[in-house]
Amino acid sequence: MDDQIWLSIANSKRIFDEADALAEALQDCLAEVRPAIEPETFYEEGYEPDEWTTTAYLLAHLVRKTPGLPASGGHVTFLISLWRPEDEQGVSWSAARQAKLYVGFQPSARVDGWTMETLCIDGDGNSIKAKPGSDFLWHGTGSETMRRAWFFCVRLAGLENRDEVRREIIDPLTRLFANVPEKEAFAGCEATIPVPKN
């Protein structure tokens, strides 16, 4: 019988490989998004709760200003969150104990986008820089720019191939850029995590 510590590390390696594959798939699929998103990551950060592991990865991109599309220009940020201590701070939001991908948009190129600290929901469904919207979107709080910012969350277990990456991330992102109503923007999505209802 395999040693449990060895199995845990082997499984961790597979999970990290999957996270790398997801980041690569995101990069490839972003080429299909209009308005155009800069192909190269300009900001990348890993969250390391200790020196042994990295359990969250943040990738941020510039969004080119595109005539005719209201929500263009600014930053789009992806956070692959495998586990963070905030997930265990509270127990009322069941989705906290799921690996997830945060997808955030901030509409100003002059202001930094979502960060590792602000793109986060705790175990009770609370965020330090956002408030729940009606269905799937969280809306930023604070400055005027952040009040026009938003993010949504997708279960990583629902992203097993590039078709699912397109359906669950790229399609709603593109619709939201075009100011499509929220319910319509997420039509057909199966892995989007609803905002908690208090």
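Between R175, R147, R155, R162, the distinction of being without any contact (Cβ under 8 Å) to a residue 40 or more places away in the chain, of a type outside the set (D, E), within 26 Å of A19 (Cβ to Cβ) and surrounded by fewer than 19 Cβ atoms within 10 Å (Cβ to Cβ) belongs to R175 only.
Applying the criterion of at least 3 residues that are modelled with pLDDT of 90 or more and touching a Phe, Trp or Tyr at 6+ places or on another chain (Cβ under 6 Å) to the strands (runs of 3 or more DSSP E) found wholly in region 44-155 leaves 100-106, 150-155. Just checking, does region 178-190 include any residue being of a type in the set (A, V, I, L, M, F, W, C), in contact with a strand residue (DSSP E or B) (Cβ under 6 Å, 6 or more places away or on another chain), at pLDDT below 90 and farther than 21 Å from D28 by Cβ? For region 178-190, residues of a type in the set (A, V, I, L, M, F, W, C), in contact with a strand residue (DSSP E or B) (Cβ under 6 Å, 6 or more places away or on another chain), at pLDDT below 90 and farther than 21 Å from D28 by Cβ: absent. For region 178-189, filtered to residues that are under 15 Å from D135 (Cβ atoms) and touching a Pro at 6+ places or on another chain (Cβ under 8 Å), the residue that is surrounded by the fewest Cβ atoms within 10 Å (Cβ to Cβ) is C189.
The values are calculated or read from the model by the stated rules, or taken from the named source; none is laboratory data. Just so it is clear, the structure is predicted and the values come from calculations on it, not from any experiment. Cβ atoms come from the backbone with ideal geometry, glycine included; neighbour counts cover every protein chain shown.
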